[in-house]
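Asker: The structure is given below, and queries will be raised subsequently.
The values are calculated or read from the model by the stated rules, or taken from the named source; none is laboratory data. In this text the structure is predicted, and so the values were computed from the model without any measurement. For neighbour counting, all protein chains shown are included, and Cβ atoms are generated from backbone atoms with ideal geometry for every residue, glycine included.
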Amino acid sequence: MRFVIRMILERAGYEVAEASNGIAALESIGAEPPDLIIADLTMPVMSGVELVDQLRANPATVSIPVVLLSGGQVDPATSQRVEAVVTKPFEPDHLVACIEKALHAGRGERVT
C-alpha cells in the first residue's frame, strides 16, 4: 500500500517520506515535521488510532494534518481528530483531492 500511495503522490507532484510503522513515523517526525501525515488504521506495531493519539497529545505535532486510510468504519471520535478519512479501496484522484483539501483546511475543518 505504501508503494501505491507513494506513486500516486509523486505523480501528483508531492515529495513523499515513508515510515514502516507508527513508531518509525513518530521518530522521523522529530527530525523534520511533515506538512501532512497519511496513516493506515491497521499499521503494524502501532495502529493509526494510536499514532493519531500520540500526534494530538504532542504540542509539536498537534497541528499536522492527518489523513487516515481505513478498510471500514472509523470510530466517530477518531474521525473528528483527523482532517479526512479515506476508505479503501480508493480512487487515486480522490486521495489526492483529500490531501490537497487537508493541506489547505484550517485545523479542525473536516475534509470529505
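Asker: Please tell me if Ile8 is at pLDDT 95 or above, surrounded by 14 or more Cβ atoms within 10 Å (Cβ to Cβ) and in a helix (DSSP H, G or I).
Answerer: Values: at pLDDT 95 or above: yes; surrounded by 14 or more Cβ atoms within 10 Å (Cβ to Cβ): yes; in a helix (DSSP H, G or I): yes.
Spelling it out, Ile8 is indeed at pLDDT 95 or above, surrounded by 14 or more Cβ atoms within 10 Å (Cβ to Cβ) and in a helix (DSSP H, G or I).
Asker: Looking only at the range 20-34, which residues are over 18 Å from Ser63 (Cα atoms) and either touching a Pro at 6+ places or on another chain (Cβ under 7 Å) or buried (at least 18 other Cβ atoms within 10 Å of the Cβ) (or both)? Give the derivation first.
Answerer: Looking only at the range 20-34, we keep the residues that are over 18 Å from Ser63 (Cα atoms), and these are 20-21, 23-24.
Selection gives Asn21 alone.
Asker: Which residue pairs have Cβ atoms closer than 8 Å, lie 6 or more positions apart in sequence or on different chains, and pair a first residue in the range 31-52 that is assigned to a strand (DSSP E or B) with a second residue that is of a type in the set (Gly, Ala, Ser) and surrounded by 17 or more Cβ atoms within 10 Å (Cβ to Cβ)?
Answerer: Once the first residue is assigned to a strand (DSSP E or B) and sits in the range 31-52, its partners that are of a type in the set (Gly, Ala, Ser) and surrounded by 17 or more Cβ atoms within 10 Å (Cβ to Cβ) give Ile37/Ala25; Ala39/Gly22; Ala39/Ala25; Ala39/Gly48; Asp40/Gly48; Asp40/Ser70.
Asker: Of all residues being touching a helix residue (DSSP H, G or I) at 6+ places or on another chain (Cβ under 9 Å) and farther than 13 Å from Ala19 by Cβ in the range 54-66, which is surrounded by the most Cβ atoms within 10 Å (Cβ to Cβ)? Just the residue, please.
Answerer: Let us first name the residues in the range 54-66 that are touching a helix residue (DSSP H, G or I) at 6+ places or on another chain (Cβ under 9 Å), namely 54-55, 58, 60-62, 64-66.
Remaining after also requiring farther than 13 Å from Ala19 by Cβ: 58, 60-62, 64-66.
Details: Asn58: 13, Ala60: 10, Thr61: 18, Val62: 11, Ile64: 17, Pro65: 23, Val66: 21.
Ranking the candidates gives Pro65 first.
Asker: In the range 35-51, how many are surrounded by 16 or more Cβ atoms within 10 Å (Cβ to Cβ) and either under 21 Å from Ser63 (Cα atoms) or charged (D, E, K, R) (or both)?
Answerer: First, pick out the residues of the range 35-51 that are surrounded by 16 or more Cβ atoms within 10 Å (Cβ to Cβ): 36-41, 43, 46-49, 51.
Of the ones still in play, those that are also either under 21 Å from Ser63 (Cα atoms) or charged (D, E, K, R) (or both) are 36-41, 46-49, 51.
Qualifying residue count for the region: 11.
Asker: Restricting the search to the range 65-86, which residues are within 20 Å of Ile8 (Cβ to Cβ) and within 12 Å of the chain's Cα centre (by Cα)?
Answerer: Pro65, Val66, Val67, Leu68, Leu69, Ser70, Val82, Glu83, Ala84, Val85, Val86, listed by residue number.
Each row is one residue, and each column tells you yes or no for (1) polar (S, T, N, Q); (2) modelled with pLDDT under 95.
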{"residue": "Ser63", "(1), (2)": "yes, yes"}
{"residue": "Val67", "(1), (2)": "no, no"}
{"residue": "Gly71", "(1), (2)": "no, yes"}
{"residue": "Thr78", "(1), (2)": "yes, yes"}
{"residue": "Arg81", "(1), (2)": "no, yes"}
{"residue": "Pro89", "(1), (2)": "no, yes"}
{"residue": "His94", "(1), (2)": "no, no"}
